[in-house]
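Here's the structure, in structure tokens; my notes come after.
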Amino acid sequence: MRVLVVEDEPKMAGLIRRGLAEEGYSADVAATGDDAIWMAQATAYDAIVLDVLLPGRNGFEVCRELRRAGMWSPVLMLTARDSVDDRVAGLDAGADDYLTKPFSFAELLARLRALARRPPLARPTVLEVGDLRLDPAAHQAWRGDSALSLSTKEFRMLEVFMRRPGEVLSRLYLLEHCWDYGYENRSNVVDVYVRYLREKIDRPFGRDSIETVRGAGYRLRDG
Amino acid sequence: MSRLPIRVRLTLAFALAMAAVLAATGAFLYLRLQSSLDEAVHETLAARLVDATALARSGATGRTVSDESLTEIRTATAPPARTELERVPGMDGRVRLAYSVVDTPRGKRLVIVGAALGDRDEALTGLLRQLLIAVPVALIIASLLGYWLAGAALRPVEAMRAEAAAISGSEPGRRLPRGEADDEISRLATTLNEMLARLERAIERERSFVADASHELRTPLALLRAELELALRKPRTAPELEAAIRSATAETDRLVRLAEDLLVLAQADEGRLPLRREPVRAADVLGAVREAFRSRADAAGRSIETDVADAIVLAADRLRLQQALGNLVDNALRYGEGAIRLDASARDGLVEFHVRDEGPGLPPEFLPHAFERFTRAEAARTGGGTGLGLALAAAIAEAHGGTAEASSEHGGDVWLSLPQAVS
């Protein structure tokens, strides 16, 4: 496993590198956000350990920039900033995990192993299908440039569609992903909500992106 | 009175004023009517007296009485005892009299005329009765109106109170809506909003201080823990262990320094930084600082020079002053270049202590924030300092009633100005 350590405190960077090396991992150190971005572009790292307070660009910006550039190496934020706001900002910026200093080496290594098990698939923080965009963290969705005003349920349903674009999703699949067992009236609620969703994302724009597949379910047109 | 709600107080004041106005108006109406009625009676009597006098001259005597009037001509000349009679048989109500003594060819005659006051009294009583009904009714209506008006005037205040109550610490950026008109309410909103802005800034400072302090504490703790944990993961050789312990000791020192600095700053914030002021020779202070840093400067191949007149003495806490200057020298050693010059000069009751070096000094964009806590120039972020050195020097200078300033015009230059005597 090859790890990129982005840390501006030389002593800390050296310690992490030594600890990783003793486990048989190879580690490179970047002291600034800009270094980190070009090093990540040059090498497909299995994991990136990213500090938040960096000279120049901070860790959140580095993480967003990596994701924007289509680099999906798992990112673990390792920082002394431990407020809930910081952790939320880090994870929403596209980080996969968050560990606060002071940390235990055993835990850092375990988390890195867990991250390395994830396939390097695209895990965008903002979903895009055609000209539909949806930001699950900010709870906002757009068709082109116009913001869509969706209820919570409609929003989550659109998210389910956008995570499987072009695939036929059965009513049962939609029901299981948008409603829990506590919901009693399961007869036609999916059809009702698909209708609501079409009213908001298709009709005003003269589009037909959610199509009915007879006998199977619904499909969000891919592009 | 002051315990009553303001709305009730306003209404009461309004009702009292209204009662006074209504009572005065009523009294005025009553007296006006009374005097005009009296005047009419007076004129009637005068006219009748003229008629009766003519009658008396013609030699008539006797008495005529009707509902409204009375005429009497007597031969006796003693005037009547009273000019108002409660009752005269055959007349309506009270009677007012007028008389005169008339010379006639047949001797003196006493002429008496009278007018009934029944109508006048009735008119006055009627007016009084109407006023007694109308004034209280008007007062009640006016009070209700006053109560409603006071409520309407206070409603924006209540609305603002509800708004203000809804503002919590979790959304410190929220402000009260300000009305269009420039009146008391909108001024109140402006004032409250300014207060909210000050509170927000204070909360923001507090929050960022706590975040910075926790970051500064966590960094050496993280290093300490990583160092020790790493050392324990495998059997190590003696030199490896020694290196780990040395590194841990350095981090412990950093933590100790940070804790002490934070303590001093916290005390300075509360204005109770204990100062033991005594007459101190500036030359002694600079000499002590130079000695304290001599070995570090030698190791770095740099020199520390002092330049101070022997005679400068000021009232200061020797140890705190040395600590403040020590922080400046520490910064100059860490981030500056070349020889370090310490000098002190007295001017206008102030003693200025300068710490200069031959490096570029603090970056210009950093100068305005140099004395804030946990602020560091970019280059100093990895230097192992606490980010509190300059803030601490400034706090000590301020506790002495002085100031701390920095300039980068001719190399690095940071100085403290302290009053020479205790103010």
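Summary of computed values
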{"read-out": "Order of B:141, A:210, B:167 under a 10 Å beta carbon neighbour criterion, fewest first", "value": "B:141, B:167, A:210"}
{"read-out": "Burial order of peptide ranges B:218-224, A:175-181 (average beta-carbon count within 10 Å, highest first)", "value": "B:218-224, A:175-181"}
{"read-out": "Selected from B:34, B:267, B:322 as most flexible by GNM, with chain B as the system and alpha-carbon contacts under 10 Å", "value": "B:34"}
{"read-out": "Dimensionless Rg over Rh [region A:121-199; C-alpha; Kirkwood]", "value": "0.96"}
{"read-out": "Amide H contacts of residue B:408 (H built 1.01 Å from N, under 5 Å, at least 5 apart or other chain)", "value": "none"}
{"read-out": "Table column - 3J(HN,Hα) (Hz), region B:117-126, Karplus curve with 6.51, -1.76, 1.60, x for Gly and Pro", "value": "9, x, 5, 4, 4, 5, 4, 5, 4, x"}
{"read-out": "Evaluated over the protein assembly as shown, the Cα radius of gyration and Dmax, each in Å", "value": "48.9, 163"}
{"read-out": "For B:225-234, mean number of other protein chain Cβ atoms within 10 Å", "value": "5"}
{"read-out": "Cα-centre dipole for region B:277-410 with unit charges at Cβ (Lys and Arg positive, Asp and Glu negative), debye to 20", "value": "420"}
{"read-out": "Binned Cα-Cα distances of region A:157-210, short to long, each 5 Å bin given as a whole percent", "value": "4, 18, 29, 26, 15, 6, 2, 0"}
{"read-out": "Region A:82-138 and region B:214-285: distance between their alpha carbon centers, rounded to Å", "value": "33"}
{"read-out": "C-alpha long axis of helix B:389-399 to longest principal axis of chain B, angle in °", "value": "50"}
{"read-out": "Angle in degrees between helix A:189-201 and the longest Cα principal axis of chain A, rounded to the nearest 10", "value": "80"}
{"read-out": "CD proxy at 222 nm, helix term only [per DSSP H run n ≥ 4: -39500 (n - 2.57); per residue of the protein assembly as shown; nearest 500]", "value": "-17000 deg cm²/dmol"}
{"read-out": "Gap separating the Cα centres of region B:131-180 and region A:31-63, nearest whole Å", "value": "59"}
{"read-out": "Sequence ranges A:50-59, A:81-90, B:296-305, ranked by mean other-Cβ count within 10 angstrom, highest first", "value": "A:50-59, A:81-90, B:296-305"}
{"read-out": "Proximal lysines relative to residue A:153, as straight alpha-carbon distance under 24 Å, when same-chain residues fewer than 8 apart are discounted", "value": "A:200"}
{"read-out": "Per-residue HN-Hα couplings for region A:16-24 [Karplus 6.51, -1.76, 1.60; θ = phi - 60°; Hz; x = Gly/Pro]", "value": "4, 4, 5, x, 5, 4, 5, 8, x"}
{"read-out": "About the Cα centre, charge dipole magnitude for region A:7-71 (Lys/Arg +1, Asp/Glu -1 at Cβ), debye", "value": "160"}
{"read-out": "Fewest-first sequence of A:142, B:415 by Cβ atoms within 10 Å of each Cβ", "value": "A:142, B:415"}
{"read-out": "Where trypsin sites (Lys or Arg not before Pro) fall in DSSP loop in region B:1-36, at most 14 other Cβ within 10 Å", "value": "B:3"}
{"read-out": "For the protein assembly as shown, size of Cβ-based charge dipole, Lys and Arg +1, Asp and Glu -1, in debye", "value": "2380"}
{"read-out": "Antiparallel content of DSSP bridges confined to chain B, in %, to 5", "value": "90"}
{"read-out": "Beta bridges per DSSP with both ends in the protein assembly as shown, % antiparallel, nearest 5", "value": "75"}
{"read-out": "Degrees separating the helix A:152-163 axis from the principal Cα axis of chain A, which is the longest one", "value": "70"}
{"read-out": "Charge-dipole axis of the protein assembly as shown as Lys and Arg at +1 and Asp and Glu at -1 on Cβ define it, positive-most pick from A:193, B:42, B:26", "value": "B:42"}
{"read-out": "10 Å Cβ neighbours from other chains, averaged over peptide B:215-222", "value": "6"}
{"read-out": "Those lysines that a straight Cα-Cα span of less than 29 Å connects to residue A:11, excepting residues fewer than 8 apart in one chain", "value": "A:101, B:234"}
{"read-out": "In region B:17-118, the GluC sites (Glu not before Pro) that fall in loop regions by DSSP, at most 11 other Cβ within 10 Å", "value": "B:86"}
{"read-out": "Distance histogram in 10 Å bins (all Cα pairs of region B:296-369, percent per bin)", "value": "17, 45, 32, 6"}
{"read-out": "GNM flexibility winner over chain B from B:238, B:292, B:315 (Cα, springs under 10 Å)", "value": "B:238"}
{"read-out": "Among A:26, A:102, A:59 the positive-end extreme of the charge dipole of region A:1-120 (Cβ point charges)", "value": "A:26"}
{"read-out": "Peptides B:126-132, B:48-54 ordered by average Cβ neighbours within 10 Å, highest first", "value": "B:48-54, B:126-132"}
{"read-out": "Kirkwood Rh in Å, taken over all unlike Cα pairs in chain B", "value": "32.0"}
{"read-out": "Residue among B:59, B:338, B:359 with the largest mean-square fluctuation in a Gaussian network model of chain B, springs linking Cα atoms under 10 Å", "value": "B:59"}
{"read-out": "Inter-chain shielding of A:6-19 (mean C-beta neighbours from other protein chains, 10 Å cut-off)", "value": "4"}
{"read-out": "Per DSSP, loop trypsin sites (Lys or Arg not before Pro) in region B:231-260 with at most 14 further Cβ within 10 Å", "value": "B:236"}
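We did not get these values from a lab; they are worked out from the coordinates using the rules stated. What you see is a predicted model, and the numbers here were worked out from it, not measured in a lab. When we count neighbours, we look across all protein chains shown, and the Cβ atoms used for this are built from the backbone with ideal geometry, even at glycine.
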